[in-house]
1. For B:ILE278, are the conditions met, namely being β-branched (Val, Ile, Thr) and closer than 21 Å to B:GLY221 by Cα?
2. Which ranges mark the strands (runs of 3 or more DSSP E) fully within the stretch A:39-138 that have 1 or more residues being surrounded by fewer than 19 Cβ atoms within 10 Å (Cβ to Cβ)?
3. Identify the residue in the stretch A:357-392 that is more than 7 Å from chain B (Cβ to nearest Cβ) and not in a loop (DSSP other than H, G, I, E, B) and, among all such residues, is nearest to A:GLN226 (Cα to Cα).
4. With respect to B:LEU35, is the statement that it is in contact with a strand residue (DSSP E or B) (Cβ under 8 Å, 6 or more places away or on another chain), over 18 Å from A:LEU307 (Cβ atoms) and either crowded, with 22+ Cβ neighbours inside 10 Å or not hydroxyl-bearing (Ser, Thr, Tyr) (or both) true?
5. Scan the stretch A:274-322 residue by residue and report those that are within 14 Å of another protein chain (Cβ to nearest Cβ), of a type in the set (Lys, Arg) and crowded, with 17+ Cβ neighbours inside 10 Å.
6. Is there a residue being part of a loop (DSSP other than H, G, I, E, B), in contact with a Leu (Cβ under 8 Å, 6 or more places away or on another chain), within 26 Å of A:THR280 (Cβ to Cβ) and not polar (S, T, N, Q) anywhere in the stretch A:167-180?
7. Considering (1) within 14 Å of chain A (Cβ to nearest Cβ); (2) crowded, with 18+ Cβ neighbours inside 10 Å, say which one B:GLY313 fails and leave the rest.
8. Give me a count of the residues in the stretch A:409-432 that are crowded, with 23+ Cβ neighbours inside 10 Å, small (Gly, Ala, Ser) and under 20 Å from A:ILE13 (Cα atoms).
Amino acid sequence: MGQNIKIKRGMDIKLEGAPSLDIHQANSPATFAVKPTDFKGLVPKMHVKQGDKVKAGDCLFADKKNDKICFTAPVSGEIAEVVRGDRRAILAVKILADSETAYKSFNTSGFVDKSREEVVELLLASGLWPFIVQRPYGLLADPSIAPKAIHVSGFDSAPLAADLSISLKGQEANLKTGFEILKKLTEGKVHLNVHATKDSSIYNSLEGVEKTIFSGPHPSGLVGVQINKIDPINKGDVVWTIKPQHVAFIGKFFETGNLDLEQTIVVAGSEIRKPAYYATRLGASVSELLMDNVSNDNVRVISGNVLTGTKIAQDGYLGYYDNQISVIPEGDHFEMLGWLLPSYPRPTLSSTFPLFKFFKKTFKVNTNPHGENRAYVVTGQYEKVMPMNIMPQQLIKSVMAKDLELMENLGIYEVIEEDMALCEFVCTSKIDVQRVLSEGLELMAEES
Amino acid sequence: MKFLRDQVDKLKPTFSEGGKLSFLHSTFDALETFLFVPNHTTKSGGHIRDGIDLKRTMFLVVIALLPALLFGMWNLGFQFHRATGLEASLLENFWYGLLQTLPIIVVSYGVGLGIEMAFAQFKGHPVNEGFLVTGLLIPMVMPADIPLWMVGLATAFAVIIGKEVFGGTGMNLLNPALTARMFLYIGYTPEMSGDECWVPIADGIATVDGYSGATTLGNVGVASANGTPWSDSLLSWGTSAMDSILGTIPGSIAETSVVAILIGAIILIATGIGSWKIMLSTVLGALFMGGVLNLAGGNAWYDMPAHYHLIIGGFMFGTVFMTTDPVSAAQTERGKWIYGFFIGLLTVLIRVFNPGYPEGIMMAILLMNVFAPLIDYSVVQSNIKMRLKRVKA
């Protein structure tokens with residue numbers, strides 16, 4: 001086993017509605033969707049139009065900048081709608097699913113002996129490529145680049161996150177194949193990072209990967225934090241990251257030749273009646289999962305976790321990278337003198353709420369920001385939840401000032417939005433840290 | 001709550017854009033959000049946020065200030081009755097001090113909040129809570145005998161020149177409350193220093209034999225100039241070191257009691273709002289410099305034991321409530337250590353080597369406020385260098 005790394009700065013936000021260990025089979029929804037908005041900076045080039053028939057694995061649209069990167073249909077069926085928004089930007093491609101999924105078949109036999117180029121071609125054509133995220137800036141991986149290393153975080157420490165040892169149970173063989181494929185993609189190391197107190201037996205059969213054991217609270221499960229501790233990104237470096245569930249997709253694809261994106265996700269949160277694991281498929285409409293499962297109407301449905309997820313409608317679609325749906329109450333109500341005498345418990349890092357901070361176990365959290373946006377006043381706060389060797393407040397200020405050189409010097413290429421989500425959570429001045437950082441990352445990506 | 005909310009909703013259109021009183025929009029908004037945390041929800045990024053906000057933060061600082069303020073009020077009465085030899089009960093002492101202090105507080109808040117709200121309205125941003133603290137700090141560091149118009153003038157100066165010209169709360173370089181005090185100290189020195197200003201005694205009221213309103217700082221300064229050696233008799237008239245700790249000595253309204261200020265310090269540190277790093281390093285800086293001077297020896301100032309620096313003058317008040325202002329202090333964690341240490345060190349240096357200024361902490365803090373960005377800059381540079389070094393390695 002590799003080295004042990006202890007994360008001290010951070011916090012676990014414990015929320016009500018944690019999933020039970022049951023895995024339910026969700027009813028297959030009528031529609032599925034792939035949303036170009038899930039991919040940062042993507043301008044899609046459409047390959048299909050409304051009414052077209054597709055098989056699982058057929059290309060729906062490609063990246064305009066590199067049309068080899070395909071985004072494919074997760075199911076077979078008919079293109080029901082191409083949803084467009086402002087200035088005709090494509091928001092989603094909806095597919096009316098067949099009752100039986102028909103797969104486009106890919107020739108993956110003998111993958112063990114395939115070269116890097118052949119493997120890349122298959123990943124690109126099958127639509128699995130976008131699961132690989134490239135740092136710096138969290139973009140789609142560039143197939144022409146050989147990354148310094150590939151990092152996989154073997155656990156998720158976010159609030160209400162899936163325990164991967166449950167959601168990936170039975171996928172051990174696929175994981176093994178998937179990691180074999182990853183090893184072909186880099187001449188550097190493939191890192192797998194696990195947590196000291198979380199079950200990581202699903203990874204036991206892996207060979208040739210560099211295992212590192214982390215301990216401590218969230219954000220210990222964020223791959224950005226792990227990279228910073230193991231082998232930090234320097235200026236000019238490129239590393240790739242991918243989540244274990246997506247490694248399993250890759251493994252299954254090479255084993256079978258079919259793009260089978262079945263996955264087990266978590267549906268959780270205080271407003272969910274039966275918080276549990278549900279077996280479903282990538283891109284599924286969440287309507288079936290939430291039907292008769294949400295306890296009131298005024299809720300926020302989030303694809304992903306409460307810190308970094310995306311707000312979706314109750315009949316919206318699971319995001320491309322997400323394996324979790326969180327449902328929490330909206331906080332759109334006034335609270336009299338709430339800043340002084342809070343009328344209900346709320347999660348906090350601040351010792352000004354000793355009862356909540358030290359005695360309350362789990363919280364029913366809502367979307368009220370509990371205060372208004374202000375200029376920076378308090379200091380030393382972000383540092384308490386930022387385990388990376390980075391000066392968080394100075395970095396955010398440099399982005400606000402659009403000082404590209406300073407941003408780079410302060411290591412903006414080491415972080416993506418999720419790495420600073422906890423900073424945003426604890427911020428007394430209610431600064432939209434992730435939005436600001438996102439602007440900075442975009443600026444940097446344009447420049448480079 | 002429902003009733004109150006309905007009333008606010010009824011009034012709201014009058015103060016909103018297009019309403020009759022729309023020029024008071026910012027003021028209304030400040031009061032509304034004071035009464036009710038708004039019904040907003042998160043729009044971008046994370047969906048949930050911590051319960052803490054700036055209102056709560058600032059309010060807790062006000063709470064931490066209260067022990068020192070209440071003690072200061074009582075002490076004013078106590079000092080008056082001690083000077084005049086009159087008997088008075090605890091309540092009478094407090095009442096006397098309350099009457100002296102309240103007008104100063106009212107003027108400070110009135111002028112400061114008035115200007116803040118006008119600026120907020122003019123610039124179209126919400127009123128920031130920072131002045132809740134500044135507005136109380138200003139009276140607390142004034143001598144009780146200060147004319148009210150001076151308080152008003154100094155507050156206006158501090159808010160406009162000290163803060164708003166830099167862009168408002170969060171952007172200021174100097175601690176606004178100390179800016180106000182410095183303004184008066186330089187512009188109206190007689191009213192801000194000497195032996196008379198600390199305990200207001202109206203003309204015609206006799207004081208007891210031997211009475212002097214001089215502070216310890218003043219006494220030691222005179223002794224050093226005259227070549228009188230250090231002894232406990234240089235402490236303020238008729239007091240002991242224990243009085244200096246308890247605070248039953250003349251001084252600015254709320255600066256005298258080490259005990260009351262330490263209660264505030266405990267509140268600030270326990271809630272995580274005040275930086276213990278800055279407080280501790282300031283104390284260490286003063287002890288270090290005081291210790292070095294003790295070793296050198298020479299006059300009364302040199303020989304005064306280093307720990308006496310902590311209990312006389314405004315040292316404790318400045319250390320707990322002024323150095324820890326997060327906006328004007330160093331903002332990096334390592335920078336905070338350096339910043340505090342130099343404040344303590346400079347305070348002692350100014351006290352001992354500058355006969356023109358009996359108290360050093362105000363100058364020391366303002367000076368280090370100016371240097372804080374430089375300290376932060378060097379800390380940030382070291383982070384940058386670490387990153388560059390990694391590339392080469």
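1. For B:ILE278, the condition - β-branched (Val, Ile, Thr) and closer than 21 Å to B:GLY221 by Cα - is not met.
2. Working: elements: A:44-46, A:59-63, A:70-72, A:77-84, A:90-97, A:133-135.
The strands (runs of 3 or more DSSP E) meeting that bar are A:44-46, A:77-84, A:90-97, A:133-135.
3. It comes out as A:VAL385.
4. Criteria met by B:LEU35.
5. Selection gives A:ARG300 alone.
6. yes
7. Unmet for B:GLY313, out of (1) within 14 Å of chain A (Cβ to nearest Cβ); (2) crowded, with 18+ Cβ neighbours inside 10 Å: (1).
8. 1
The values are calculated or read from the model by the stated rules, or taken from the named source; none is laboratory data. Values in this document were obtained by computation on a predicted structure and should not be read as measured data. As a convention, Cβ positions derive from the backbone with ideal geometry for all residues, glycine included, and neighbour counts pool all protein chains shown.
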